[in-house]
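Undergrad: Below is the structure I would like to discuss, written out as structure tokens.
The values are calculated or read from the model by the stated rules, or taken from the named source; none is laboratory data. As the structure is a computational prediction, the values presented were derived from the model and not from experiment. No Cβ is skipped: glycine too gets one built from the backbone with ideal geometry, and neighbour counts run over all protein chains shown.
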Amino acid sequence: MLIILRSIAFNALFYLNTIVYLIAALPTFFMPYRAIVAVAKSWGRTNLVLLRVVAGIDCEIRGRENIPKGPIIVASKHQSAWETFALLPLLDNPVFILKRELQWIPIFGWLTIKGRMVPVRRGGGSQSLTDMIERARVELADNRQLIIFPEGTRRPAGAEPRYKIGVAHLYAAEGVSCVPIALNSGLFWPRRSLRRFPGTVIAEILNPIPPGLGKDEFFERLQNDLESATARLIAEGRANMNQ
């Protein structure tokens, strides 16, 4: 019962906090795009405080030293909404690759356009991939850190991976390092569930994959690195939850 009450309280405060930040961000329409990035990073930090205080969910970030300066591709596991805000404060000038439909949402979508997020048309085939790569190149040229979820959508913790080849095309085309991030957020913030389970989310920033590998070699290495580290973090998280 306590978990349910804390989950309800957190969910209400999370959405209220998001609405407040959306309103506070409106003046950034008349500012340089870095202003909305700063607001988004502050929103992420506030959400982490709410999670810890209200829902009893803390976080541990390992491997911060593995984030190089300058433009990179950040390839993260995607198990919950946690990584959509928790990764923002880790990076200097983050930019997400997101589905184009999100930019149709009033205010929120307009702010993602202002923040120069990179949209992708699902089901758009090769032209959609080409458009994404071209937009990503512009943002990377501005020393941004491009966040992509290689599986395209949230997957439950421990689920069979379903990587999409788009991340390999992006890596091959852009010529920058790729930083994988493994995590176990789905244990504490399950997708399609209102319940939030107390514990510590662990996100581990792995060794960067340098540019220059072939697509197949990169794709295999990315999956191996992410899946082995994620399995280890899930096992660690489950062990701690059972203590």
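Undergrad: Among the residues of the range 137-168, write down those that are among the aliphatic types (A, V, I, L, M) and either in a loop (DSSP other than H, G, I, E, B) or in contact with a Phe, Trp or Tyr (Cβ under 6 Å, 6 or more places away or on another chain) (or both).
TA: We begin by selecting, within the range 137-168, every residue among the aliphatic types (A, V, I, L, M); these are 138, 140-141, 146-148, 157, 159, 165, 167-168.
ALA141, ILE147, ALA157, ALA159, ILE165, ALA168 - these are the residues of the range 137-168 that are among the aliphatic types (A, V, I, L, M) and either in a loop (DSSP other than H, G, I, E, B) or in contact with a Phe, Trp or Tyr (Cβ under 6 Å, 6 or more places away or on another chain) (or both).
Undergrad: While we're looking at this one, here's another question. Considering only the range 163-174, state which residues are buried (at least 22 other Cβ atoms within 10 Å of the Cβ) and either among the hydroxyl-bearing types (Ser, Thr, Tyr) or at pLDDT below 95 (or both).
TA: Passing the criteria: only TYR171.
Undergrad: Taking TYR171 as the residue in question, decide whether it is assigned to a helix (DSSP H, G or I) and within 18 Å of the chain's Cα centre (by Cα). Walk me through how you get there before you give the answer.
TA: Numbers: assigned to a helix (DSSP H, G or I): yes; within 18 Å of the chain's Cα centre (by Cα): yes.
Yes.
Undergrad: In the range 113-136, what count of residues is obtained for those that are touching a residue at least 40 places away in the same chain (Cβ under 8 Å) and touching a Pro at 6+ places or on another chain (Cβ under 8 Å)?
TA: Total meeting the criteria: 0.
Undergrad: Looking at the range 88-112, I want the residues that are touching a residue at least 12 places away in the same chain (Cβ under 8 Å) and closer than 13 Å to GLU139 by Cβ and have a partner that is surrounded by 15 or more Cβ atoms within 10 Å (Cβ to Cβ) and charged (D, E, K, R) with Cβ atoms under 6 Å, at least 6 apart or on another chain. Which pairs are those?
TA: As it stands, the answer is ASN93/ARG144; VAL95/GLU139; VAL95/ARG144, since those pairs meet every condition given.
Undergrad: While we're on this one: Please go through the range 137-162 and pick out each residue that is over 18 Å from ALA81 (Cα atoms) and in contact (Cβ under 8 Å) with a residue 40 or more places away in the chain.
TA: GLU139, LEU140, ALA141, ASP142, ASN143, ARG144, GLN145
Undergrad: Does the range 200-228 hold any residues that are under 20 Å from the mean Cα position of the chain (by Cα) and either within 20 Å of VAL53 (Cα to Cα) or assigned to a loop (DSSP other than H, G, I, E, B) (or both), and which are they?
TA: THR200, VAL201, ILE202, ALA203, LEU206, ASN207, PRO208
Undergrad: So, of the residues in the range 84-111 that are in contact with a Phe, Trp or Tyr (Cβ under 8 Å, 6 or more places away or on another chain) and either more than 29 Å from ARG64 (Cβ to Cβ) or not hydrophobic (A, V, I, L, M, F, W, C) (or both), which turns out to be surrounded by the fewest Cβ atoms within 10 Å (Cβ to Cβ)?
TA: Here the residue is GLN103.
Undergrad: Could you please give the count of residues in the range 115-162 that are under 25 Å from ALA229 (Cβ atoms) and buried (at least 17 other Cβ atoms within 10 Å of the Cβ)? Write out each step before concluding.
TA: Filtering the range 115-162 down to residues under 25 Å from ALA229 (Cβ atoms) leaves 136, 140, 144-162.
Next cut, buried (at least 17 other Cβ atoms within 10 Å of the Cβ) only: 136, 140, 144-152, 154-155, 157.
Qualifying residue count, the range 115-162: 14.
Undergrad: Let me spell it out: the conditions are (1) of a type in the set (A, V, I, L, M, F, W, C); (2) buried (at least 17 other Cβ atoms within 10 Å of the Cβ); (3) touching a residue at least 40 places away in the same chain (Cβ under 8 Å), and LEU194 meets all of them except one. Which number is the exception?
TA: For LEU194, the failing item is (2).
Undergrad: Which residue out of ASN17, ASN11 is in contact (Cβ under 8 Å) with a residue 40 or more places away in the chain and surrounded by 13 or more Cβ atoms within 10 Å (Cβ to Cβ)?
TA: Exactly one residue qualifies, and that residue is ASN11.
Undergrad: Okay, moving on. How do the pairs read when you match residues in the range 212-240 that are on the phi > 0 side of the Ramachandran plot with residues anywhere that are small (Gly, Ala, Ser), using Cβ under 9 Å and keeping only pairs 6 or more apart or on different chains?
TA: Once the first residue is on the phi > 0 side of the Ramachandran plot and sits in the range 212-240, its partners that are small (Gly, Ala, Ser) give GLY212/GLY175.
Undergrad: Something else about it: Within the set of pairs 6+ apart or on separate chains, which have a first residue in the range 25-36 that is farther than 18 Å from LEU91 by Cβ and without any contact (Cβ under 8 Å) to a residue 60 or more places away in the chain, a second that is of a type in the set (Gly, Ala, Ser) and in a helix (DSSP H, G or I), and C-beta atoms under 9 Å apart?
TA: PRO27/ALA35
Undergrad: What number of residues in the range 49-64 are more than 12 Å from ASN184 (Cβ to Cβ) and either without any contact (Cβ under 8 Å) to a residue 60 or more places away in the chain or touching a Lys or Arg at 6+ places or on another chain (Cβ under 9 Å) (or both)?
TA: Selection size over the range 49-64: 9.
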